[in-house]
Amino acid sequence: MPPDLHFDLAQLDFSNVVADLDAIRKVNPQRHEMEQIDGVVLLDYANKLIVGYKDVRYDEFWVRGHMPGYPLLPGVLMCEASAQLCSYYTMTQHEIPGDFLGFSGLENVRFRSPVRPGERLILVAKELRFNRRQMIFNVQGFVVDRMVFHGDIIGVPLKRGEE
């Protein structure tokens, strides 16, 4: 049974982008093949929610090899996209002792349906816990209104140049 929704997707307006790729790049360090979110369409600090999306393209690096003839977005990239969305939220809504939010763990992740090139993966993240050493978000992924995955993303502040 899928979990309760964090947000009514019917309320989203994809023509009202809160943060485009340029704005995301000002906060998140990923570049090239590892940029996994294309935009943010909702940032609601009062409810600790962020909604973003990834347009899954036919020319992405994994398409050729991740099920030839039947390309499926790898689950690990869905999780990475969610982590990048959570990082954007944390870096724009909180002060942390680091340069960016690092992806440090997953819990309770379930994949419910495939995501294919040509589809838009909608990502909804709700902050569950924030302190200066660790952040936890519950994330949900959708294609149109079909939940394709859900789980918890754990992040920690990282500073460039530190091991």
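The values are calculated or read from the model by the stated rules, or taken from the named source; none is laboratory data. If you're wondering where the values come from, they're calculated on a predicted model, not measured in any experiment. Glycine also receives a Cβ, built like all others from the backbone with ideal geometry; neighbour counts cover every protein chain displayed.
Name the residue, out of 138, 108, that is closer than 20 Å to residue 12 by Cα, touching an Asp or Glu at 6+ places or on another chain (Cβ under 9 Å) and surrounded by fewer than 23 Cβ atoms within 10 Å (Cβ to Cβ).
The match here is 138.
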Answer from 111, 61, 100 - the residue that is at negative phi and out of contact with any strand residue (DSSP E or B) (no Cβ under 7 Å at 6 or more places or on another chain): 61
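One line per residue, one yes/no per condition, for (1) among the hydroxyl-bearing types (Ser, Thr, Tyr); (2) at pLDDT 95 or above; (3) under 12 Å from residue 87 (Cα atoms); (4) in contact with a Lys or Arg (Cβ under 6 Å, 6 or more places away or on another chain):
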residue	(1), (2), (3), (4)
14	no, yes, no, no
17	no, yes, no, no
20	no, yes, no, no
24	no, yes, yes, no
28	no, yes, yes, no
37	no, yes, yes, yes
45	yes, yes, no, no
50	no, yes, yes, no
Any pair with Cβ under 7 angstrom, 6 or more apart, that starts in the stretch 1-30 at a residue that is within 22 Å of residue 147 (Cβ to Cβ) and ends at one that is among the basic types (Lys, Arg) and outside any strand (DSSP E or B): 2/112
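So that you can scan it fast, the table gives a plain yes or no per residue for (1) more than 17 Å from residue 19 (Cα to Cα); (2) among the hydrophobic types (A, V, I, L, M, F, W, C); (3) modelled with pLDDT under 95:
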residue: 86; (1), (2), (3): no, yes, no
residue: 93; (1), (2), (3): no, no, no
residue: 96; (1), (2), (3): yes, yes, yes
residue: 103; (1), (2), (3): yes, yes, yes
residue: 110; (1), (2), (3): yes, no, no
residue: 115; (1), (2), (3): yes, yes, no
residue: 119; (1), (2), (3): yes, no, no
residue: 133; (1), (2), (3): yes, no, yes
residue: 138; (1), (2), (3): yes, no, no
Count of residues meeting criterion [surrounded by 12 or more Cβ atoms within 10 Å (Cβ to Cβ) and either more than 22 Å from residue 111 (Cβ to Cβ) or in contact with a Pro (Cβ under 6 Å, 6 or more places away or on another chain) (or both)] in the stretch 1-20: 4
Residue 71 being assigned to a loop (DSSP other than H, G, I, E, B), without any contact (Cβ under 8 Å) to a residue 60 or more places away in the chain, surrounded by fewer than 17 Cβ atoms within 10 Å (Cβ to Cβ) and not hydroxyl-bearing (Ser, Thr, Tyr): no
Test: residue in the stretch 93-101 that is within 13 Å of the chain's Cα centre (by Cα), buried (at least 16 other Cβ atoms within 10 Å of the Cβ) and touching a residue at least 40 places away in the same chain (Cβ under 8 Å): yes
